[in-house]
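Structure first, then comments.
The values are calculated or read from the model by the stated rules, or taken from the named source; none is laboratory data. Only a predicted model underlies this, so the values are computations on that prediction, with no experimental measurement involved. Glycine gets a Cβ as well: all are built from the backbone with ideal geometry, and neighbour counts include every protein chain shown.
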2 protein chains.
Amino acid sequence: MKQSSPAKFSVPDLLIREREGGYARGREGHESILRAALHLLVEEGYRAMSMRRVAAACDIKLGNLTYYFPTKEDLVRELLDAVISSYEVEFEAIIHEEDVSPEQRLEEICTLILEDIRTKKTTRIFPELWALSNHDPFVLERIQELYARARAPLNSIIAEINPALSVDQRETLALFISASMEGLTVFAGYDKPFENRMPWLERIAAKGFVQLVKTIRQSDFE
Amino acid sequence: MKQSSPAKFSVPDLLIREREGGYARGREGHESILRAALHLLVEEGYRAMSMRRVAAACDIKLGNLTYYFPTKEDLVRELLDAVISSYEVEFEAIIHEEDVSPEQRLEEICTLILEDIRTKKTTRIFPELWALSNHDPFVLERIQELYARARAPLNSIIAEINPALSVDQRETLALFISASMEGLTVFAGYDKPFENRMPWLERIAAKGFVQLVKTIRQSDFE
DNA sequence: GATTAAATTTGTCAAGTGTCCTAATTTTGT
DNA sequence: ACAAAATTAGGACACTTGACAAATTTAATC
């Protein structure tokens, strides 16, 4: 689902928004810069993503890089946009699905997200973003916006399964489910100690979440 | 529980292991350095925790700092030890508890952990450690060791509630529960968008986890 | 009070950081 | 072919970073 082209490995997915003017060569340069930046971010972390190393990684001079991205903040923001956009197209695919039972759809979403978590890209990038979001309001807002979109399909499924819940209760439940899965990143993500337990964890999550949504009542919210 | 002395705010908890020789003044210096480093880490993130800023923060010269910690790695490792130790004493407190039902003990543990997550210290430090652990094997090992201790009480409680499960199944279940709660850091931790939803999330977690542990069967593990 | 260890200062080092600026070169539309 | 726009190269700036090597001061002990 998410790995549309397994041919280009070590070149993670990005969704770069089209630019207005410019020549073809410029567009390529633009894209290869973002790709190199992402590669560095994934492979060596945010600290390694310096302007010079990004320039060297896509084999251009520093001065050229600053032509495309005058300031590093520009680069970071555009990279963040591109990365986040690449996830948002996944959620689109989730929403448009066949007509199966809401319980089954919930299970499928969980499986999808947990499989994505095992990806090197996701395992590496998101903790980095979480850390950045603690001190950078822009990153915080952008990442929370992404998660809000990720919760949307959960939300409507919960409403189907348990219509008695209020809007707030539904949203909190979706938040809990989403956060639960994100938490597994540090433990069962790519190259993590419990990576091989992920199949079991998927089963546990699927069962636990479905049961939780089904059986929770108003009174459980105090 | 965790805030033993609310008097000293902005001076988070640390458990510093005693040093061998040296004068009293040296021990004070040692401690104030670690405290300043932690303060910087919490308030401005790992990037701000440079040797010079740490030195400035505790009002000593850079050369003096390198006398205590010849290399930055030394400082980071000792800080990590001190931080992690401060959490481990909490777990000790959890293990030695009254004789109530295992279900209730599970709920209490969840409440305790989720309350700790709302702490500024925890919300700020752990994402930073998660990010570091992606590229620093030492940090990864140290933090996973901490979580292993955090899962121990969960593990024994699960065994009480559902003795039919195998050791591996129990451990995976404990892992899931622990990871679930950690995931809430990014969403409902200190200063996060859903900080005020934490009470509900605690209820959801408590109910969900207890029910999950009670009702899960061998067959659910495929 | 002298001696020895501990603690602190001061200065320097090479390497790396983001940003800016100007001159050349290439590409494109006409 | 030509001019305009886009792209590249190269260097410089001011600053930060971690590490190191003396000197100098402070503290404990005989």
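Going by what's in this entry, would residue B:134 be described as without any contact (Cβ under 8 Å) to a residue 24 or more places away in the chain, among the polar types (S, T, N, Q) and surrounded by 20 or more Cβ atoms within 10 Å (Cβ to Cβ)?
When the stated conditions are applied, residue B:134 passes them.
Residue A:174 is checked against (1) in a loop (DSSP other than H, G, I, E, B); (2) more than 9 Å from every other protein chain (Cβ to nearest Cβ) and fails just one. What number does that condition carry?
(1)
Given the conditions (1) over 24 Å from residue B:87 (Cβ atoms); (2) at pLDDT 95 or above, report the number of the one that residue B:217 does not fulfil.
(2) is the only condition that residue B:217 fails.
For the structure I just gave you, tell me whether residue A:193 is without any contact (Cβ under 8 Å) to a residue 60 or more places away in the chain, closer than 27 Å to residue A:121 by Cα and outside any helix (DSSP H, G or I).
Considered against the rule, which asks whether it is without any contact (Cβ under 8 Å) to a residue 60 or more places away in the chain, closer than 27 Å to residue A:121 by Cα and outside any helix (DSSP H, G or I), residue A:193 comes out as yes.
I'd like the full set of residues that are assigned to a loop (DSSP other than H, G, I, E, B) and not β-branched (Val, Ile, Thr), limited to region B:78-111.
The answer is B:96, B:97, B:98, B:99, B:101.
Go through (1) surrounded by fewer than 17 Cβ atoms within 10 Å (Cβ to Cβ); (2) more than 23 Å from residue A:169 (Cα to Cα); (3) without any contact (Cβ under 8 Å) to a residue 60 or more places away in the chain; (4) not aromatic (Phe, Trp, Tyr) and name the single condition residue B:155 misses.
(1)
Take region A:55-77 and flag every residue that is more than 8 Å from DNA strand C (Cβ to nearest atom) and not in a loop (DSSP other than H, G, I, E, B).
A:55, A:56, A:57, A:64, A:68, A:76, A:77 - these are the residues of region A:55-77 that are more than 8 Å from DNA strand C (Cβ to nearest atom) and not in a loop (DSSP other than H, G, I, E, B).
Just to verify a result, which residue in region A:113-141, among those that are part of a helix (DSSP H, G or I) and among the hydroxyl-bearing types (Ser, Thr, Tyr), is farthest from the other protein chains (Cβ to nearest Cβ)?
Filtering region A:113-141 for residues that are part of a helix (DSSP H, G or I) and among the hydroxyl-bearing types (Ser, Thr, Tyr), the one farthest from the other protein chains (Cβ to nearest Cβ) comes out as A:122.
What are the residues in region A:31-68 that are within 25 Å of residue B:45 (Cα to Cα), of a type outside the set (Gly, Ala, Ser) and more than 11 Å from DNA strand D (Cβ to nearest atom), if any?
Listed by number, the residues that qualify are A:34, A:38, A:39, A:40, A:41, A:42, A:43, A:44, A:46, A:49, A:53, A:54.
Taking residue A:148, is it within 16 Å of residue B:187 (Cβ to Cβ) and within 11 Å of another protein chain (Cβ to nearest Cβ)?
Yes.
Report yes if some residue within region A:93-104 is more than 9 Å from DNA strand C (Cβ to nearest atom) and either under 29 Å from residue B:128 (Cβ atoms) or modelled with pLDDT of 95 or more (or both); otherwise report no.
Checking region A:93-104: not a single residue is more than 9 Å from DNA strand C (Cβ to nearest atom) and either under 29 Å from residue B:128 (Cβ atoms) or modelled with pLDDT of 95 or more (or both).
Table: residues versus (1) surrounded by 16 or more Cβ atoms within 10 Å (Cβ to Cβ); (2) at the interface with chain B (Cβ under 7 Å from one of its Cβ atoms); (3) touching a helix residue (DSSP H, G or I) at 6+ places or on another chain (Cβ under 7 Å).
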site	(1), (2), (3)
A:169	yes, no, yes
A:179	yes, yes, yes
A:183	yes, yes, yes
A:203	yes, yes, yes
A:218	no, no, no
A:221	yes, yes, yes
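Filter region B:185-201 down to the residues that are more than 7 Å from chain A (Cβ to nearest Cβ) and among the basic types (Lys, Arg) and list them by number.
Hit for region B:185-201 is B:192, nothing else.
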